[in-house]
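Before any comments, here is the structure.
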Amino acid sequence: MKPVHFALAALVLVAACQRGTDDEATRTVAEAPPAQPQADPQVTEAEQAAPLTYSRETAYADVELTLPEAVIAYPDLHATLYREEVQGMRAFLEGAQSDHTEYSGEDGFPPYERSVTYEMAGQSARLLSLTEVNFEYTGGAHPNSSFGAVLWDKTADRRLQPASLFRRGADMSVLDQALCDAINTARAATTGEPSHLSVGTDGDWSCPRAAQTPFVLAASTTSGRVGGLEFLIGPYQVGPYVEGSYQIVVPQSAFRSLIDPAFSAEFAGQPRRVGDVTDRGGVTQAR
């Protein structure tokens, strides 16, 4: 019987060792720290360290994004702009590769280019605005450039639609005409010939409506307030491409009655510059 007792004891010892091993494994799993989320493989360390810029250069296209350092103070705005623009640029790169692959047999098919630059514009205690300058080349006689604008409510920490600055149902014809008059004055000074554009008329050129034109806030002579609106008019909108773009400031006194009461306190004084404030080689036509 002694050999039997010895065998049973050995079995008990082996089972105990197995339980110890299993318990240790259980504790190891339970005590292990939670798995860390995987980083986006498309976002490089350089992008994470300097999210004010993004650039890529391939055989098919070059893209570049530049944000002003001041947006760091508004994390939601910063993150939104960076995310949206980077997504757009990746799509542009994919489209460029597709085009070049399809037309690779054609001579003189150069790489595409796209750049987006945001610049700080006017602001008040509550409102902040950014100018967006777009440059794009996808072949052809010349590149294309255009403007965009961002209006940010610092109090509510959210983006505003430009129309929200004005009373609902307001008659915008007063502002339309003020903008058109300023455009005609600017064009005459630029071309040396009279300009007689009208709002919404048929023909080669006409004045754009204010509500359909990107604009930013214009700094005021009164500290902390908005003195007017700076309208951003890209090339080929009011004249031939060679004429270039226009940046036109209309004083708030010309449209004061149109401003929504919720934002009326943000407007006061006069713009620091009025009329054509376009930088043409370091020279502007502003008064």
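Listing for the model above:
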| quantity | calculated |
| --- | --- |
| Filter result (assigned to a helix (DSSP H, G or I), modelled with pLDDT under 95 and surrounded by 15 or more Cβ atoms within 10 Å (Cβ to Cβ)) within the stretch 236-256 | GLU243 |
| Selected residue [hydrophobic (A, V, I, L, M, F, W, C), buried (at least 18 other Cβ atoms within 10 Å of the Cβ) and under 18 Å from VAL150 (Cα atoms)] from LEU93, LEU81 | LEU81 |
| Filter result for the condition that a residue is touching a residue at least 24 places away in the same chain (Cβ under 8 Å) and not aliphatic (A, V, I, L, M), over THR221, THR201 | THR221 |
| Contacts under 8 angstrom Cβ, first residue in the stretch 108-133 being free of Cβ contacts under 8 Å to residues at least 40 places away in the same chain and buried (at least 17 other Cβ atoms within 10 Å of the Cβ), partner of a type in the set (Phe, Trp, Tyr) and in a strand (DSSP E or B), 6 or more apart | VAL133/TYR118; VAL133/PHE147 |
| Hey, VAL43 at pLDDT below 95, more than 30 Å from ARG273 (Cβ to Cβ) and of a type in the set (A, V, I, L, M, F, W, C) or not | yes |
| Residue check, SER164 part of a strand (DSSP E or B), farther than 11 Å from VAL216 by Cα and in contact (Cβ under 8 Å) with a residue 40 or more places away in the chain | no |
| Pick from the stretch 257-277, criterion touching a Phe, Trp or Tyr at 6+ places or on another chain (Cβ under 7 Å) and closer than 19 Å to ALA125 by Cα, ranking: most open to solvent (accessible area, probe 1.4 Å) | ASP260 |
| Of all residues making up the stretch 208-226, the number that are surrounded by 24 or more Cβ atoms within 10 Å (Cβ to Cβ) and in contact with a helix residue (DSSP H, G or I) (Cβ under 6 Å, 6 or more places away or on another chain) | 2 |
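The values are calculated or read from the model by the stated rules, or taken from the named source; none is laboratory data. In this text, all values refer to a predicted model and were calculated from it rather than measured experimentally. Note: ideal-geometry Cβ built from the backbone for every residue, glycine included; neighbour counts use all protein chains shown. The accessibility values were calculated without ligands, DNA or RNA, using every heavy atom of the protein model including side chains. Shrake-Rupley method; radii C 1.70, N 1.55, O 1.52, S 1.80 Å.
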